[in-house]
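Here the structure comes first, spelled out in structure tokens, and everything after it is commentary.
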Amino acid sequence: MMHSLQTKILLLISIIFIATTASIIFLTQTDVKNAILNSEHKNIENIKQIILLSVEGKYKNLLLDKVAFIKRRKKQLQGESALLMKSMDLLYQVSPNAHEALAKKNVLDWLSTLEISSEIFLADASHDIFFHSAGILDGKNLTSVKDIKSKPVSQSINTPDSLFHKFAVFSCQNEKNKKIAYLIRIPHWEWTLGITNDISEIEAETREKINDIIEVLEENFKQIRIAQTGTIFLFNHAGDLLIPPADTYLSTVTTNITQSFMAHADQDAPTTFFMGKKNINAYTSHIKALDWYITALVPVEEIRQPAGQLAARLSTVIAIIFLVGFFVLSLAVKRFSNPLKLLTQKIKHIPHENLTAPEFTLNLKKDFYTGRKDEVGALASSFLYMFQELQTSITQLIDTTTAKERIESELNVARDIQLGILPKVFPPYPEKKEFDLHAYLEPAREVGGDLFDFFMMDDEHLCISIGDVSDKGVPAALFMVITKTLIKTYAETTDSTSIIITKINELLSKDNPNCMFVTLLVGILNIKTGLLRYSNAGHNPPIIKSGNNTFFQKGLSGPMAGAMEGMAFKELAVTLKPGDTLFFYTDGVTEAMNSNKALYSDAKLLELIDNTNDLDAKAIIERVNHDLKNFSKEAPQSDDITMLSLIFKGTKPGDPPQLQN
């Protein structure tokens, strides 16, 4: 029972009522005094706020008048500039090209005699002013004349096709009057036409209106009554009195006092000071628009005087209100909490329902529709909507999970098929003592685009190949299967690696809408002599370890296979001697990345192969794979990793490795 919301609310209200009643009994008089003081404080704040709004409204109207004045000046300047431009264009059009200088002179003569209220000046392409109707700006440069924002006036030049018009406000040297200027480019002469107008009169008009505001406020202040002897006055940021206080306080309001008022302006609590034996509260507000301060002074005793008479009556009234309120609120809490209990019971039953059953929605609408328009009804509607959306999400999740599992199953089958067509029995030819061979492939996804293959063409020739398709995933896997099949097919018809890759390139280049290609390395090794004839179609160079020398076997036969038809690939050759190691790999090895995006690199792989003395082919690949995992750590595999390692043992000594044409 104690855990119910109804009990907690009533208990909380009871505690509040008891505490409030006790506080009223012991602190009624003090509280009422403070209440009256706060009431008077709010009254004073309201008075100040009304005055503040009145001043700000008048100041806003003043600003609007000022803006309207400036707009009229701008419109006047634009109209005059348009008239001048049309007149100058007419003079330009009627003057032959050979008499352009005469036309310019006519314009200057005409402007010199023109009588308008605005001043006119002209500047050349270098912004040097060569004509000013008033003569003040003659010889100046527009870049040296600064506007009120300290920016060069030249930045405010308009063009005839400008969408937005720019104006500049500035003061001429040794002049206090401000001018507004409209500048426009004259394209055919590369001149700048400027028209200025004096706007200083608006400043004088503004000062006059501010004085009017002070006079109106002074009349209003005389009508305001605060307590019995309170007063209100106005002063500026320098402490000068604009509207003095009542004579009773005039001698008290000194410069030091006004400085203190300014320091405590706009605070919630008043500033308290003593005037004789009286305790005076000062309430100050800052009129930011004009940098004025308005202060109300009121004796504290005048505010608290009625408090004693009101305290007893107020305590009785509050006690009665509390008792009646507690009774009414008890009934209301009970009425509001009962529907929540019913709603809670219905929600507890939801986990036992089948959320995917069609009748679940019908039951929800039946259980959660209350017909109420208040917060309880809104809460019930929210639960109904939540469970309906939950049912939809669960159904979609089941469908999505089923589709995902089907796709993953199909990809796993594709992975098994892809890996199944690659050689997987090692050592592949245990009866062949002339070499030791091992290979490894790890796709970055379920299926990949790397390939390797090897097979005996006859008793003395071993065909080995490795490749990397340009894409990833299922398309790359299909391209890889085709490439592997073509290698084996063409190897049965020729023992030339250049012919094999040339034919593969021709076939892959045709009907290749996705422009896929494969880097390919195909070699034929004579297991008796160690002669390796190979063709490299854009693939990573193989690594050869011969004695104490480990190096990349450089040389390309041509570009990537499948990129372009009609390409010829040449055949390269190198002779291995017994004990030499041949290492094929794809860029998934050298370009493996760690969590810092650093690459494994060719140099690191070469160094590792150089330190594989006395290791067989399988151990070499395991060493490289182990080092790759230590390097990458938690970083995900970004590309397929494929390696093929061959240790040539031979039957007779061979020459040191060398490139042969």
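The values are calculated or read from the model by the stated rules, or taken from the named source; none is laboratory data. Computed from a prediction, not measured in an experiment: that's the story for all the values here. All Cβ positions, even for glycine, are placed from backbone atoms using ideal geometry, and neighbour counts span all protein chains on display.
So which of Ile120, Ile129 is crowded, with 19+ Cβ neighbours inside 10 Å, among the aliphatic types (A, V, I, L, M) and under 15 Å from Glu80 (Cβ atoms)?
Checking each option against the conditions leaves just Ile120.
Report yes if Thr529 is crowded, with 22+ Cβ neighbours inside 10 Å and in contact with a Lys or Arg (Cβ under 8 Å, 6 or more places away or on another chain), otherwise no.
Values: crowded, with 22+ Cβ neighbours inside 10 Å: no; in contact with a Lys or Arg (Cβ under 8 Å, 6 or more places away or on another chain): yes.
For Thr529, the condition - crowded, with 22+ Cβ neighbours inside 10 Å and in contact with a Lys or Arg (Cβ under 8 Å, 6 or more places away or on another chain) - is not met.
For the stretch 83-138, enumerate the residues that are touching a residue at least 12 places away in the same chain (Cβ under 8 Å), more than 16 Å from Glu190 (Cα to Cα) and of a type in the set (A, V, I, L, M).
Leu111, Leu114, Ile116, Ile120, Ala134, Ile136, Leu137
So, in the stretch 489-510, how many residues would count as being among the acidic types (Asp, Glu) and in a helix (DSSP H, G or I)?
Count: 1.
Of everything in the stretch 582-607 that's in contact with a Ser or Thr (Cβ under 7 Å, 6 or more places away or on another chain) and of a type in the set (Val, Ile, Thr), which residue is nearest to Lys649 (Cα to Cα)?
Residue satisfying both the conditions and the ranking: Thr586.
When you look at Lys104, is it assigned by TED's automatic domain parsing to the domain that holds Trp191, of a type outside the set (Val, Ile, Thr) and modelled with pLDDT of 85 or more, yes or no?
Here the answer is no, as Lys104 does not meet what is asked.
Quickly run through the stretch 539-575 and pick out the residues that are closer than 15 Å to Thr612 by Cα and surrounded by fewer than 21 Cβ atoms within 10 Å (Cβ to Cβ).
Quick first cut of the stretch 539-575, residues closer than 15 Å to Thr612 by Cα only: 543-551.
Within the stretch 539-575, Ile544, Ser546, Gly547, Asn548, Asn549, Thr550, Phe551 meet the criteria.
Kindly indicate which of Leu520, Leu508 is within 47 Å of the chain's Cα centre (by Cα), under 17 Å from Lys570 (Cβ atoms), crowded, with 18+ Cβ neighbours inside 10 Å and not polar (S, T, N, Q).
So the residue among Leu520, Leu508 that is within 47 Å of the chain's Cα centre (by Cα), under 17 Å from Lys570 (Cβ atoms), crowded, with 18+ Cβ neighbours inside 10 Å and not polar (S, T, N, Q) is Leu520.
For the stretch 145-158, enumerate the residues that are of a type outside the set (Lys, Arg) and out of contact with any helix residue (DSSP H, G or I) (no Cβ under 9 Å at 6 or more places or on another chain).
Listed by number, the residues that qualify are Ile148, Ser150, Pro152, Val153, Ser154, Gln155, Ser156, Ile157.
Identify, from the list Lys570, Lys604, Lys629, Lys618, the residue that is in the same structural domain as Ile641 (by TED's automatic domain parsing) and touching a His at 6+ places or on another chain (Cβ under 8 Å).
Only one candidate qualifies: Lys618.
Among the residues of the stretch 546-580, write down those that are in a loop (DSSP other than H, G, I, E, B) and aromatic (Phe, Trp, Tyr).
Within the stretch 546-580, the subset in a loop (DSSP other than H, G, I, E, B) is 547-548, 553-557, 559-560, 562-571, 576-580.
Correct list: Phe569 only.
For Val474, all conditions in the list (1) closer than 24 Å to Phe583 by Cβ; (2) in a helix (DSSP H, G or I) hold save one; what is the number of the exception?
So the condition that Val474 fails would be (1).
Identify, please: which residue in the stretch 419-449 is assigned to a loop (DSSP other than H, G, I, E, B), more than 45 Å from the chain's Cα centre (by Cα) and under 16 Å from Ile466 (Cα atoms) and is, among those, modelled with the highest pLDDT?
Here the answer is Pro423.
Which residues, taken from the stretch 133-184, are of a type in the set (D, E, K, R), under 25 Å from Glu201 (Cα atoms) and in contact with a strand residue (DSSP E or B) (Cβ under 9 Å, 6 or more places away or on another chain)?
Matches in the stretch 133-184: Asp138, Lys146, Asp147, Lys149, Lys151, Lys166, Lys178, Lys179.
Within the group Asn540, Asn536, which residue is in the same structural domain as Asp458 (by TED's automatic domain parsing) and part of a loop (DSSP other than H, G, I, E, B)? Write out each step before concluding.
Details: Asn536 fails: part of a loop (DSSP other than H, G, I, E, B).
The match here is Asn540.
Out of all the residues in the stretch 226-256, which are farther than 18 Å from Ile303 by Cα and either assigned to a loop (DSSP other than H, G, I, E, B) or not assigned by TED's automatic domain parsing to the domain that holds Ile294 (or both)?
Those that are farther than 18 Å from Ile303 by Cα and either assigned to a loop (DSSP other than H, G, I, E, B) or not assigned by TED's automatic domain parsing to the domain that holds Ile294 (or both): His237, Ala238, Gly239, Asp240, Pro244, Pro245, Ala246, Ser251, Thr252, Val253, Thr254.
Yes/no matrix, rows are residues, columns are (1) charged (D, E, K, R); (2) loosely packed, with under 13 Cβ neighbours inside 10 Å:
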site	(1), (2)
Ile136	no, no
Lys149	yes, yes
Phe164	no, yes
Phe170	no, no
Lys178	yes, no
His188	no, yes
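Check the stretch 184-201 and report whether any residue there is under 30 Å from Lys42 (Cα atoms) and either part of a helix (DSSP H, G or I) or outside the structural domain of His165 (by TED's automatic domain parsing) (or both).
Checking the stretch 184-201: not a single residue is under 30 Å from Lys42 (Cα atoms) and either part of a helix (DSSP H, G or I) or outside the structural domain of His165 (by TED's automatic domain parsing) (or both).
Return the only residue of Ile214, Ile180 being over 30 Å from Lys104 (Cα atoms), in contact (Cβ under 8 Å) with a residue 24 or more places away in the chain and either part of a loop (DSSP other than H, G, I, E, B) or not polar (S, T, N, Q) (or both). Explain how you work it out, then say what you get.
On the way: Ile180 fails: over 30 Å from Lys104 (Cα atoms).
From the options Ile214, Ile180, the qualifying one is Ile214.
Quick one: Lys528 ticks every box in (1) over 25 Å from Val425 (Cα atoms); (2) assigned to a loop (DSSP other than H, G, I, E, B) bar one, so which box is it?
That leaves (1) as the condition not met.
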